[in-house]
Amino acid sequence: MSKKNINVHAITHKVKGIARNIVTPVEITDIFSGKNVKTQGIWDTGATGSVITKATATDLGLQSYGKRKVRGVHGLKDVDEYFVNITLNNKNITLNTRVTECSELSADGSIGLLIGMNVITTGDFAVTNYQGDTTMSFRVPSMENIDFLAEMKSS
């Protein structure tokens, strides 16, 4: 299949100055009831899976389908696990995925989802800090390798 026949979607998030975290709007939907919640999602390449806060899971009325052992900064823990749809802020990227539960992701409760590598690896993800401003861009599906070393060697 040629690249021009593939349905590609992308989001870009820009921050003035150097960002210490990447936070974008997300919509989380209970795949069984269809109920959804809009919240903020924090992107985390150090997390193997995505995580939903207990408050967001409660707002959605999610029913856990089981427990999963997760290892985080506070050690190994058994937590509830759910299936949800995650829609990223441009409404064109919706992914069905498993999420585990945590107590909280932000001091003010504004972040309801941690976007982990189970989502990030479905596409191409890049963060740049050109001229002192941070830009994050994500597209699905993956379209090419990004290789800065190869670019430097060819120019």
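Those residues that are closer than 27 Å to residue 76 by Cβ, in contact (Cβ under 8 Å) with a residue 24 or more places away in the chain and among the hydrophobic types (A, V, I, L, M, F, W, C), I need them from region 95-154; list them, please.
Across region 95-154, the qualifying residues are 95, 99, 102, 105, 111, 113, 114, 115, 117, 119, 120.
Which of the residues belonging to region 44-73 are within 17 Å of the chain's Cα centre (by Cα) and crowded, with 20+ Cβ neighbours inside 10 Å?
Across region 44-73, the qualifying residues are 50, 51, 52, 53, 56, 57.
Residue check: is residue 103 farther than 30 Å from residue 142 by Cα and in contact with a helix residue (DSSP H, G or I) (Cβ under 8 Å, 6 or more places away or on another chain)?
yes
Take the residues in region 45-68 that are at pLDDT 95 or above and part of a strand (DSSP E or B); name whichever of them is nearest to residue 34 (Cα to Cα).
By that ranking, first place goes to 52.
Per-residue answers, yes or no, for (1) farther than 13 Å from residue 28 by Cα; (2) assigned to a helix (DSSP H, G or I); (3) at pLDDT 95 or above:
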| site | (1), (2), (3) |
| --- | --- |
| 90 | yes, no, no |
| 95 | no, no, no |
| 99 | no, no, yes |
| 107 | yes, no, no |
| 113 | no, no, yes |
| 125 | yes, no, yes |
| 131 | yes, yes, yes |
| 137 | yes, no, yes |
| 144 | yes, no, no |
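Collect the residues in region 1-44 that are within 25 Å of residue 67 (Cβ to Cβ) and either of a type in the set (Lys, Arg) or assigned to a strand (DSSP E or B) (or both), keeping them in residue-number order.
Once the filter is applied, which keeps residues that are within 25 Å of residue 67 (Cβ to Cβ) and either of a type in the set (Lys, Arg) or assigned to a strand (DSSP E or B) (or both), region 1-44 yields 26, 28, 29, 30, 35, 36, 37, 39, 41, 42.
Evaluate region 69-85: report whether one residue or more is under 19 Å from residue 24 (Cα atoms), assigned to a strand (DSSP E or B) and touching a residue at least 60 places away in the same chain (Cβ under 8 Å).
Taking region 69-85 and keeping what is under 19 Å from residue 24 (Cα atoms), we get 84-85.
Okay, now just the ones that are also assigned to a strand (DSSP E or B), so 84-85.
Narrowing further to those that are touching a residue at least 60 places away in the same chain (Cβ under 8 Å): none.
No: zero hits.
Taking only region 74-120 into account, find how many residues are surrounded by 13 or more Cβ atoms within 10 Å (Cβ to Cβ), aliphatic (A, V, I, L, M) and either touching a Cys at 6+ places or on another chain (Cβ under 9 Å) or farther than 18 Å from residue 58 by Cα (or both).
9
The values are calculated or read from the model by the stated rules, or taken from the named source; none is laboratory data. Computed from a predicted model, the values in this text were never measured in an experiment. Cβ sites come from the backbone with ideal geometry, for glycine too, and all protein chains shown count toward neighbours.
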